[in-house]
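S.K.: Have a look at the structure that comes next, please.
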Amino acid sequence: MQKLLIVGGNRLEGTVRASGSKNATLPVLAACILNAGVSTIHEAPRLRDISVMKFLLHYLGAKVTNEGSTIIVDSSNIEPLEISEGIMRRMRASNLVLGAMLGRFGRVKISYPGGCQIGSRPMDLHLKGLQAMGAVIREKFGYIMAEAKKLTGADIHLDLPSVGATENLMMAAVLAEGVTTIRNAAKEPEIVDLQNYLNAIGGRVKGAGTDNIKIEGVAHSQMKPAVHSVIPDRIEAGTHIVATAITGGEVTVTNVIPEHIEPLLAKMREAGVGITVGDDFVRVRGNGRVKSIDIKTMPYPGFPTDMQPQMMALLSLAEGTSVITETVFENRFKHVGELRRMGADIKVEGQSAIIKGVDKLSGACIEASDLRAGASLVLASLAAENGTVIENINHIDRGYERLEQKYNFLGARIVRVHN
């Protein structure tokens with residue numbers, strides 16, 4: 001078990017580059033299953049979740065190689081093997097192979113996936129959509145078994161704009177017969193990035209980024225090799241922005257698409273943080289203690305739930321009282337108890353957290369309960385007095401590439417301890 005030792009009180013200063021998006025890379029890697037040739041994926045972050053997806057592809061028969069931040073996948077020899085619980089439980093996004101495997105082979109058997117326990121993320125939207133396309137679904141002993149002699153296009157209305165369901169159905173529809181329309185689709189930038197990759201390998205997808213996505217099915221013989229660069233990670237970029245503000249620092253975050261993080265930038269300006277936006281960078285300047293603000297998480301283009309824990313760390317040191325309302329995941333306040341151990345004054349009432357800003361946070365021995373909760377604890381520790389020990393940091397490694405190295409380069413004092 002590894003842990004981070006953080007000595008707080010240092011301003012972050014300099015330039016930091018956001019890595020490629022984890023949440024864009026994972027569905028693109030899953031979609032490589034559809035392509036019987038070679039896919040070259042640039043800007044892939046080196047993360048634990050990415051390693052799990054590469055292992056899964058290798059298990060299915062793909063040849064997967066790494067050259068720095070480039071992943072090369074040859075899916076010519078992939079076979080429709082049963083995917084066991086031991087593999088699936090290592091990562092929630094492993095369920096993204098469902099649509100691609102069913103679309104290419106007409107059958108798939110997978111265990112239910114694992115991942116961060118931040119709330120209910122049922123598979124029913126995925127399965128209902130696949131059934132509408134002609135798949136026969138059976139669930140037994142913790143496994144999902146799906147079969148279809150030939151998927152056919154369908155008009156699918158999602159009850160909720162689920163990112164995972166939207167991605168799975170897009171992949172399944174690429175090789176289906178006829179036209180599929182996904183209504184009330186998720187609109188996240190990662191959905192647009194997946195569309196770009198699917199079209200690069202020969203798919204016919206349009207409408208990503210809007211409520212309605214239309215996929216015209218093609219024959220597998222039309223699939224072709226492709227080269228694709230994934231978009232920057234908007235959540236990593238946002239985390240760096242909040243880290244700068246909480247330490248009162250001055251940092252330029254590069255490899256950013258500012259439009260993707262506009263909801264965060266608007267809230268940072270409202271809190272009094274200095275923000276300068278360029279074509280592919282954001283310059284952040286801490287202006288002392290931030291002002292209290294209210295936040296309500298919403299699906300994109302609303303304020304992202306993945307930035308809620310980091311903002312809570314920042315607002316725990318704000319002037320006045322802030323309210324954060326979480327509407328996406330019902331169990332995403334696990335970091336509250338750990339922030340309280342550091343001296344934060346936070347009270348949870350239903351879906352809302354009421355944060356009364358305090359003058360200072362103090363170091364403590366704390367534990368990351370999930371990916372973004374772990375990020376919030378790192379940020380709180382950067383601003384805290386004395387030293388902090390963060391345990392269970394495997395969660396942090398799932399979504400942040402070389403986080404302690406990047407922050408140490410900016411002036412932080414973080415040491416990773418290997419037990």
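S.K.: Using the number of other C-beta atoms within 10 angstrom as an exposure proxy, rank ASP345, ASP397 with the fewest first.
M.R.: On the way: ASP345 13, ASP397 20.
Listing ASP345, ASP397 from fewest to most nearby Cβ atoms yields ASP345, ASP397.
S.K.: Calculate, for TYR143 and ASN394, the FRET efficiency according to 1/(1 + (r/R0)^6) with r their C-beta to C-beta distance and R0 35 Å; round to the nearest 0.05. Could you put the intermediate results ahead of the total?
M.R.: Working: r = 26 Å, r/R0 = 0.74.
Computed FRET efficiency for TYR143 and ASN394: 0.85.
S.K.: Given a cut-off of under 8 Å on Cα pairs at least six residues apart, what relative contact order in percent is computed for the stretch 22-229?
M.R.: Values: 471 pairs, mean separation 43.5, N = 208.
In percent, rounded to a whole number, it is 21.
S.K.: Now for a separate question. For the chain, what does the relative contact order come out to in percent, with C-alpha contacts under 8 Å and a separation of six or more? Write down the numbers at each step before the final one.
M.R.: Numbers: 1046 pairs, mean separation 87.6, N = 419.
Rounded, it is 21 percent for the chain.
S.K.: Run down the lysines and flag those whose C-alpha is under 20 Å from the C-alpha of LYS109, throwing out any fewer than 8 positions away in its chain.
M.R.: Answer for LYS109, where 20 Å is the Cα cut-off: LYS54, LYS128, LYS140, LYS149, LYS150, listed by chain and number.
S.K.: Right, something else. Which residues does the label zone of MET1 cover in the stretch 365-384, counting backbone N under 15 Å from a point 7 Å along Cα→Cβ?
M.R.: Label zone hits: 365-370.
S.K.: Which number do you get for Rg(Cα) / (2.2 N^0.38 Å) in the chain? Could the numbers behind the result be given before it?
M.R.: Values: Rg = 21.5 Å, N = 419, 2.2 N^0.38 = 21.8 Å.
Its radius of gyration relative to the 2.2 N^0.38 Å reference: 0.98.
S.K.: For the stretch 280-327 and the stretch 366-389, write down the distance between their C-alpha centroids in whole Å.
M.R.: What the calculation gives is 16 Å, centre to centre.
S.K.: With n ≥ 4 as the cut-off for DSSP H runs, can you work out [θ] at 222 nm for the chain, using -39500 (n - 2.57) per run divided by the number of residues, rounded to the nearest 500?
M.R.: Values: 14 runs with 130 residues, N = 419.
Roughly -9000 deg cm²/dmol at 222 nm, from the helical runs in the chain.
S.K.: For a quick check, take a GNM of the chain with Cα springs below 10 Å and name the residue from ARG17, ARG48, ARG138 with the largest mean-square fluctuation.
M.R.: Of the options given, ARG138 has the highest mean-square fluctuation.
S.K.: Can you bin every Cα-Cα distance in the stretch 283-397 into 10 Å intervals starting at zero and give me the percent of pairs per bin, rounded to whole numbers?
M.R.: Histogramming the stretch 283-397 at 10 Å steps yields 15, 49, 33, 3 percent.
S.K.: What is the distance in Å between the Cα centroid of the stretch 206-275 and that of the stretch 64-81?
M.R.: 25
S.K.: While we're on this one: Sorted from fewest to most neighbouring beta carbons within 10 Å, what does the list THR276, THR25 look like? All intermediate terms of the calculation are to be shown ahead of the outcome.
M.R.: Working: THR276 10, THR25 28.
With the fewest neighbours first, THR276, THR25 line up as THR276, THR25.
S.K.: Count the DSSP beta bridges whose two residues both fall in the stretch 22-229, then state the antiparallel fraction as a percent rounded to the nearest 5.
M.R.: Details: 25 of 35 bridges.
Here the antiparallel bridges make up roughly 70 percent for the stretch 22-229.
S.K.: Something else about it: Along the positive direction of the dipole of the chain (beta-carbon charges: Lys, Arg +1; Asp, Glu -1; about the Cα centre), which of LEU56, ALA185, VAL38 reaches farthest?
M.R.: Projecting each Cα onto the dipole axis, the largest value belongs to LEU56.
S.K.: Further, regarding this structure: Report Rg (one decimal) and Dmax (nearest whole number) for the stretch 22-229, counting Cα atoms only, units Å.
M.R.: According to the Cα coordinates of the stretch 22-229, Rg and Dmax are 15.2, 41 Å.
S.K.: Now for a separate question. Using Cβ counts within 10 Å as a stand-in for footprinting exposure, how do ARG332, ARG269, ARG107 rank, fewest first? Please list the in-between numbers first.
M.R.: Details: ARG332 27, ARG269 12, ARG107 15.
Fewest-to-most Cβ neighbours within 10 Å comes out as ARG269, ARG107, ARG332.
S.K.: Percent antiparallel among DSSP beta bridges with both residues in the chain, to the nearest 5?
M.R.: Numbers: 56 of 80 bridges.
Once the DSSP bridges in the chain are tallied, antiparallel ones form about 70 percent.
Read the figures in this text as sums done on the coordinates, not as results from a lab. Note that the structure is a prediction, hence the values are computed from the model and not measured. When we count neighbours, we look across all protein chains shown, and the Cβ atoms used for this are built from the backbone with ideal geometry, even at glycine.
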